[in-house]
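Novice: Please see the structure below; I have some questions.
The values are calculated or read from the model by the stated rules, or taken from the named source; none is laboratory data. Everything quoted here is computed from the prediction, not taken from an experiment. Glycine also receives a Cβ, built like all others from the backbone with ideal geometry; neighbour counts cover every protein chain displayed.
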Amino acid sequence: MPPPSTMRSFSMTSSSTSVLTSPPTTPFYSPSRDYSPVVSSSSSSVRSASSVAAPVSSSAGMPSPTLSNGTSSPVAAPSRRKAITLDTMNQYLRRADYAVRGRLAIRAEELREQLSNGDTSLPFDEIVNANIGNPQAMDQKPITFFRQVLSLVQYPQLLDNEFADKIFPRDSLERARILLNEIGSLGAYSQSQGVPYIRMSIAKFIEERDGFSADPNNIYLAGGASSAVSSLLTTICGGPETGVMIPVPQYPLYSATLTIANATPIPYLLDETTGWGTDTKYIGSVVKNSIAKGVNLKAMVVINPCNPTGSCLSREEIKDIITLAAEYSFMIIADEVYQTNVYEGEFHSFKKVLCELQRDFAGKFDDVELASLHSTSKGMVGECGQRGGYIELVGIDAQVLEQLYKLVSISLCPAVSGQVLTELMVNPPKPGDESYPVYKAEYDAIYKALKERAFSLFNAFKEMEGVSCQEPKGAMYLFPTISIPPKAIKEAQRRNEEPDQFYCLELLEQTGVCVVPGSGFGQKDGTYHFRTTFLAPGEEYVRRIIAFHKEFLQKYS
Ligand SMILES: Cc1ncc(COP(=O)(O)O)c(C=O)c1O
């Protein structure tokens, strides 16, 4: 048996000593690697020789402490060495990698600073952050109704202002009063699971979306979907035997959180040839193989619509995944934060498909465990900075729910302002309300702009030599394949970079456009991609990408 440090699966770096000081140089997914879990104690796998602290003598230039009676202390002098160093800190955190804010993003910030310091030597005059789905950092405007109600609940004195009804529409004032009545002060902790009234609103929204009932007691508000994922995985994971299936490519929140939890990610590849679809027969074989290798398979993450691929699952694909979950007893974590970012076809929620299966096949699907996530960061809301979102849990053991409740109560509650925004997202103005026309116009304009930008970028990629891209169906991203010439691959190897990271770094240095290499999300061995958002306005940055790509191919062919 190889030593744990080499067997430890899914490490996202090639070298455990370089992780925080230099970028990872290997993709986190490689079909050729052994992904079997470490079932023996893993603590030794993360302890390096230097982490075993050498005894520190008081001869390090420090006098022994003197007691008040003038005698020397028998206790050794405290050392000036830090207790927490790179080698003694949590090595699971040290290993975790999050490419979206990784090397490229850091370099982009350096270049931005250079530009703002008046450096005119760069071949561009602005940085385009196409690396992160952060709509309001681009040009997406907040929905007026949401911000009106948020301002009123933050500063309730406005409600009594004599000009209030001249500044705010009646329904904004009314909603703020209702929320304040339910919440009290925004400055007070709420129930740990979230304000009951807001959970009822969310349940009503889910019922209207799916046509099946939802229980407010099964809804947990969260500080964005990220914090919901962290709570869920903390509840599920019990060491390296725990396996959680994650898609490849995936949003690296999942691999990073599993690394920190010292659990074992079980990658399943999405199929680029079918528009990044899920092949259930193949996924079934991944399930069987991992169980045969001794993994305690607890959950499967599905991101739909998908970050980074921009694909959407069909109802049939969802049904097949639920059928596998019923057969092999694992929980489904359905990340549905992009449920309104759908440009082709229709969004099918896992909850709805599960309820349909439960209705149509009595008993067969009753034990399926599902956690669905939603967020205020995406869609036409795009309020990433407000940190709102929720999980709906279905079919979860009541005692496990108690433990999850305990976990979330340790953090007291999610920000109440984020909870309010979540309520507004799920209960926006309706036809007939004073704010509805403005809300509808704003919502439709954001949707239209996103769709246009998605297809304009997609059409540009279609025209580029050596680039192929699946049609954008949902989310905020395109994930084109790039064929990187062998000479460029050699150059990347010489620089100890992944070829797609090298490509993306060059793109950034030449154009100021920041994207994320496919290796940060995982990709099939021998294929190269990058992920770009389509949030940036205008065509200028697209022209810069096209010109760069042409030059890159010429230079390295
Ligand atoms: C698939 C997916 N899930 C979750 C998140 C995290 O979102 P939040 O801002 O709600 O934490 C993101 C953010 O980009 C995402 O793409």
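Novice: Mind listing whichever residues of the range 168-197 are in a loop (DSSP other than H, G, I, E, B), under 30 Å from GLU402 (Cβ atoms) and not small (Gly, Ala, Ser)?
Specialist: Those that are in a loop (DSSP other than H, G, I, E, B), under 30 Å from GLU402 (Cβ atoms) and not small (Gly, Ala, Ser): LEU186, TYR189, GLN191, GLN193, VAL195.
Novice: Taking the range 329-363 only, how many residues are more than 28 Å from THR422 (Cα to Cα) and modelled with pLDDT under 95?
Specialist: Going through the range 329-363 one residue at a time, the tally reaches 2.
Novice: Can I ask one more? Considering THR234, THR278, which residue is surrounded by fewer than 21 Cβ atoms within 10 Å (Cβ to Cβ), farther than 19 Å from ALA99 by Cβ and within 16 Å of the ligand (Cβ to nearest atom)?
Specialist: Answer to the check: THR234.
Novice: Looking for something touching a Phe, Trp or Tyr at 6+ places or on another chain (Cβ under 9 Å) and not in a loop (DSSP other than H, G, I, E, B) - is there at least one such residue anywhere in the range 307-320?
Specialist: Checking the range 307-320: at least one residue is touching a Phe, Trp or Tyr at 6+ places or on another chain (Cβ under 9 Å) and not in a loop (DSSP other than H, G, I, E, B).
Novice: Which ones in the range 217-231 are within 13 Å of the ligand (Cβ to nearest atom) and either touching a strand residue (DSSP E or B) at 6+ places or on another chain (Cβ under 6 Å) or more than 11 Å from ALA261 (Cβ to Cβ) (or both)?
Specialist: Passing the criteria: LEU221, ALA222, GLY223, GLY224, ALA225, SER226, SER227, ALA228, SER231.
Novice: Could you give every pair whose Cβ atoms fall below 7 Å, whose first residue belongs to the range 328-345 and is at positive phi, and whose second residue is surrounded by fewer than 24 Cβ atoms within 10 Å (Cβ to Cβ) and not aliphatic (A, V, I, L, M), counting only separations of at least 6 or pairs across chains?
Specialist: Matching pairs, first to second residue: GLY345/LYS473.
Novice: I want to confirm something. Restricting to the range 412-431 and keeping residues that are outside any helix (DSSP H, G or I) and surrounded by 13 or more Cβ atoms within 10 Å (Cβ to Cβ), which single residue is farthest from the ligand (Cβ to nearest atom)?
Specialist: This residue is PRO429.
Novice: Same structure, new question: Quick check on the range 260-273. Is at least one of its residues modelled with pLDDT under 95, more than 18 Å from GLN470 (Cβ to Cβ), of a type in the set (D, E, K, R) and over 17 Å from the mean Cα position of the chain (by Cα)?
Specialist: Scanning the range 260-273 turns up no residue that is modelled with pLDDT under 95, more than 18 Å from GLN470 (Cβ to Cβ), of a type in the set (D, E, K, R) and over 17 Å from the mean Cα position of the chain (by Cα).
Novice: Working only within the range 132-176, note down all residues that are among the basic types (Lys, Arg), touching a helix residue (DSSP H, G or I) at 6+ places or on another chain (Cβ under 8 Å) and either surrounded by fewer than 14 Cβ atoms within 10 Å (Cβ to Cβ) or without any contact (Cβ under 8 Å) to a residue 24 or more places away in the chain (or both).
Specialist: Within the range 132-176, just LYS141 meets the criteria.
Novice: Within the range 533-557, track down each residue that is over 17 Å from GLU465 (Cβ atoms) and either more than 29 Å from the chain's Cα centre (by Cα) or of a type outside the set (Ser, Thr, Tyr) (or both).
Specialist: Once the filter is applied, which keeps residues that are over 17 Å from GLU465 (Cβ atoms) and either more than 29 Å from the chain's Cα centre (by Cα) or of a type outside the set (Ser, Thr, Tyr) (or both), the range 533-557 yields PHE534, LEU535, ALA536, PRO537, GLY538, GLU539, GLU540.
Novice: Identify the single condition in (1) within 16 Å of the ligand (Cβ to nearest atom); (2) in a loop (DSSP other than H, G, I, E, B) that GLN136 does not satisfy, given that it satisfies every other one.
Specialist: Every listed condition holds for GLN136 apart from (2).
Novice: Let me ask you something else. Tell me the residue from THR511, THR532, THR527, THR481 that is touching a Cys at 6+ places or on another chain (Cβ under 8 Å) and polar (S, T, N, Q), please.
Specialist: THR481
Novice: Specify the residue that is nearest to ALA203 (Cα to Cα); the eligible residues are those in the range 406-425 that are under 21 Å from the mean Cα position of the chain (by Cα) and aliphatic (A, V, I, L, M).
Specialist: Among them, the one singled out is MET425.
Novice: Would you confirm whether or not the range 203-211 contains a residue that is farther than 30 Å from LYS406 by Cβ and at pLDDT 95 or above?
Specialist: Checking the range 203-211: at least one residue is farther than 30 Å from LYS406 by Cβ and at pLDDT 95 or above.
Novice: Confirm whether ALA460 is of a type in the set (Gly, Ala, Ser), touching a helix residue (DSSP H, G or I) at 6+ places or on another chain (Cβ under 6 Å), without any contact (Cβ under 8 Å) to a residue 60 or more places away in the chain and away from the ligand (no atom under 16 Å from the Cβ).
Specialist: Judged against the criteria, ALA460 is not a match.
Novice: Is it the case that the range 384-394 has a residue that's part of a loop (DSSP other than H, G, I, E, B) and within 16 Å of the ligand (Cβ to nearest atom)?
Specialist: Yes, the range 384-394 has at least one match.
Novice: Select from the range 506-534 the residues that are surrounded by 20 or more Cβ atoms within 10 Å (Cβ to Cβ) and out of contact with any Phe, Trp or Tyr (no Cβ under 9 Å at 6 or more places or on another chain) and write down the one among them that is farthest from TYR254 (Cα to Cα).
Specialist: Among residues in the range 506-534 that are surrounded by 20 or more Cβ atoms within 10 Å (Cβ to Cβ) and out of contact with any Phe, Trp or Tyr (no Cβ under 9 Å at 6 or more places or on another chain), the one farthest from TYR254 (Cα to Cα) is LEU508.
Novice: When you scan the range 373-383, how many residues do you find that are in contact with a Phe, Trp or Tyr (Cβ under 9 Å, 6 or more places away or on another chain), part of a loop (DSSP other than H, G, I, E, B) and small (Gly, Ala, Ser)?
Specialist: Of the residues in that region, 1 qualify.
Novice: Checking GLU113 against (1) in contact (Cβ under 8 Å) with a residue 40 or more places away in the chain; (2) among the acidic types (Asp, Glu); (3) not in a loop (DSSP other than H, G, I, E, B), only one condition comes out false. Which one?
Specialist: (1)
Novice: Which residue pairs have Cβ atoms under 8 Å apart, sit 6 or more places apart or on different chains, and have a first residue in the range 207-236 that is of a type in the set (Asp, Glu) and a second that is modelled with pLDDT of 95 or more and more than 9 Å from the ligand (Cβ to nearest atom)?
Specialist: Once the first residue is of a type in the set (Asp, Glu) and sits in the range 207-236, its partners that are modelled with pLDDT of 95 or more and more than 9 Å from the ligand (Cβ to nearest atom) give GLU207/SER213; GLU207/ALA214; ASP210/SER349; ASP210/LYS351; ASP210/LYS352; ASP210/CYS355; ASP215/ALA203.
Novice: Test VAL381 against the criterion of being β-branched (Val, Ile, Thr), within 15 Å of the ligand (Cβ to nearest atom) and crowded, with 18+ Cβ neighbours inside 10 Å, and give yes or no.
Specialist: yes
Novice: Suppose we filter GLU465, GLU471, GLU434 for residues that are more than 25 Å from GLU540 (Cα to Cα) and either small (Gly, Ala, Ser) or not in a helix (DSSP H, G or I) (or both); which single one remains?
Specialist: Exactly one of GLU465, GLU471, GLU434 is more than 25 Å from GLU540 (Cα to Cα) and either small (Gly, Ala, Ser) or not in a helix (DSSP H, G or I) (or both), namely GLU434.
Novice: Of the numbered conditions (1) within 16 Å of the ligand (Cβ to nearest atom); (2) surrounded by 24 or more Cβ atoms within 10 Å (Cβ to Cβ), LEU354 satisfies every one except a single condition; which is it?
Specialist: Every listed condition holds for LEU354 apart from (1).
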